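As structure tokens, the structure follows; a few thoughts come after it.
Every read-out reported here was derived from the displayed coordinates using simple, explicitly stated rules and does not represent laboratory data. These figures come from a predicted structure and were not determined experimentally. A quick note on method: Cβ atoms are made from the backbone with ideal geometry, for glycine too, and the neighbour counts reach across all protein chains shown.
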Amino acid sequence: MSTPLTIANSLYEQQRDFALLYSGMQTTYSGRYSYLAFDPVQTIQGNSFSELEAHCTHHTDWHQQCWFGYMGYELAADTEKHLRLNTTPPSPISMPNMWMVKYRHIIRYDHVTNSSDYFGPDKTTIPEPSQPSTDSAFSVANITSNMDKQTYLTHVKTILNAIKQGDLYQANLTRKWFGHFHEPPNSFALFAKLCHISPAPYSAFLSHGDYHILSSSPERFLSVSSDGHVNTRPIKGSAKRSTNTKKDSQIYHNLAQSEKDKAENLMIVDLMRNDLARTCEPGSIEVDKLFQVDSYATIHHMSSSINAIKSSTSSTLELIKQCFAPGSMTGTPKIKAMQLCQQLENIQRGVYSGAIGYIGADGSCDLSVVIRTLLIHKNQFEFQTGGAIVADSTPNGEWAETITKATAICKLLNIKIDE
């Protein structure tokens, strides 16, 4: 049977570069379409939005000049010149701050009608579908982190002290795990398994040579329609699910009523409203959903939804620039929080905390926030989790949240991390 996963698996077996934006979970606001783009025509790598901007030409058909890929967290330094994110030591898997690709072939899958549309010069180039392997053997040789527990707890206390002193209100502190497999694994088989373990509306697999990005993000960064309607859905507030139905229901209720998580969420809602105001029509910004709790396989999340109308004098890429990096991954005030987290983390976030998705020629785009994401380069791997620190956070509670958010990837890799 031809599906986004089976066609993408054939491309992987043929060692062809491609981008799969996979809606592995349908929601009321997203998940109708999956996109599979393959065979690169043009690639843009670099440290500046201007390198992409020069190639974003307007066309009424979105697919005529559509770019797929990622924008890494450190790209924020291009907009905020006094941020010096690239002076931080690089990740073990070091990738460009931006990797956007125009592909020769695009397939759009409609999960509602169970049909697909092809955009490209030759439909016969679509490979025969093949099922991803379910028994691909791999083993992890080692794993370590940029922070042990004591270091992390100390950093949380540093942020709490900065909040107490009035330097900031919230900071999203993250920690990275990295290690090696004994042998390079079948990355796409791992992705297919991740989609089963942790279905998400913004799953993605990006294949660039021997670099592979496996993402199961639940979070929308920005969606812009061709007529300029904008939506963002920041997530702030999380709780680990229970296999006990009654207990899980209570966890859901507790999160929905949590004043701490509501405060955490509201700060980022205000931050995103402020970011959108730079490129959207005055008076058009509205919050249509506040403190909505959504349930995923391993975790409950609190999110809010903000709508706006893009100004006719601003391009979609300019809107993305002015909102980058995603506010849910920074804190507030944004620059102050980013500077403090950079100092404490002391390693580049890279792809993590950035955005994955597409930008169409008609001004449309759909971008996720890069969380719940595994990077693989040959036999290396890395992943990262974080959480927002606010005035009533507790160091041990925040530590536990970093573990909870790693649940799906740990299950995928069959590993345990320091708890």
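Starting from the Cα-Cα distance between Lys157 and Leu290, subtract it from 0.36 nm times their residue separation and give me the gain in nm to one decimal.
Working: separation 133, 0.36 × 133 = 47.88 nm, distance 2.90 nm.
Gain in length upon complete extension: 45.0 nm.
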Open item on the list: I'd like to compare 41-47, 402-408: which one has the highest average count of other Cβ atoms within 10 Å, and what's the full order after that?
Closed with: 402-408, 41-47
Open item on the list: Please report the spacing between the Cα centers of segment 289-342 and segment 18-69 in Å, no decimals.
Closed with: 19
Open item on the list: Suppose the chain between Ser136 and Gln257 were pulled fully straight at 0.36 nm per residue; how much longer would it get relative to their current alpha carbon spacing?
Closed with: 39.3 nm
Open item on the list: Could you tell me the center-to-center distance, by alpha carbons, between segment 161-228 and segment 388-419 in angstrom?
Closed with: 15
TODO: Mind checking the full-extension length gain between Gln15 and His182? Use 0.36 nm per residue of separation minus the Cα-Cα distance, one decimal, nm.
DONE: 58.0 nm
Open item on the list: With +1 assigned to the C-beta of every Lys and Arg and -1 to the C-beta of every Asp and Glu, and no other charges, what is the dipole magnitude of the chain about the Cα centre in debye, to the nearest 20?
Closed with: 860
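With an 8 Å cut-off on Cα pairs and a minimum separation of 6 or more residues, tell me the relative contact order of the chain in percent.
25
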Open item on the list: Please check: in the Gaussian network model of the chain (C-alpha springs, under 10 Å), which one of Leu222, Leu367, Leu83 has the largest mean-square fluctuation.
Closed with: Leu83
- [ ] Run the quick spin-label model on Lys123 and Gln165: label points 7 Å from Cα toward the beta carbon, then report their separation in nm to one decimal.
- [x] 6.4
Task: Hz values of 3J(HN,Hα) by residue in segment 341-357 - Karplus curve (6.51, -1.76, 1.60), Gly and Pro given as x - done: 5, 4, 5, 6, 6, 6, 7, 5, 6, x, 4, 4, 6, x, 9, 10, x
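Is it possible to state the helix-based mean residue ellipticity at 222 nm for the chain, with each DSSP H run of 4+ residues giving -39500 (n - 2.57), the sum divided by total residues, to the nearest 500 deg cm²/dmol? What is it?
Here the helix-only value at 222 nm equals -8000 deg cm²/dmol.
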Task: Estimated dipole of segment 241-367 in Debye, rounded to 20 [Cβ of Lys and Arg +1, of Asp and Glu -1, Cα centre] - done: 340
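Which three numbers, in whole Å and largest first, are the semi-axes of the equivalent ellipsoid of the chain derived from its Cα gyration tensor as √(5λ)? All intermediate terms of the calculation are to be shown ahead of the outcome.
Values: eigenvalues 186, 134, 89 Å².
In descending order the semi-axes read 30, 26, 21 Å.
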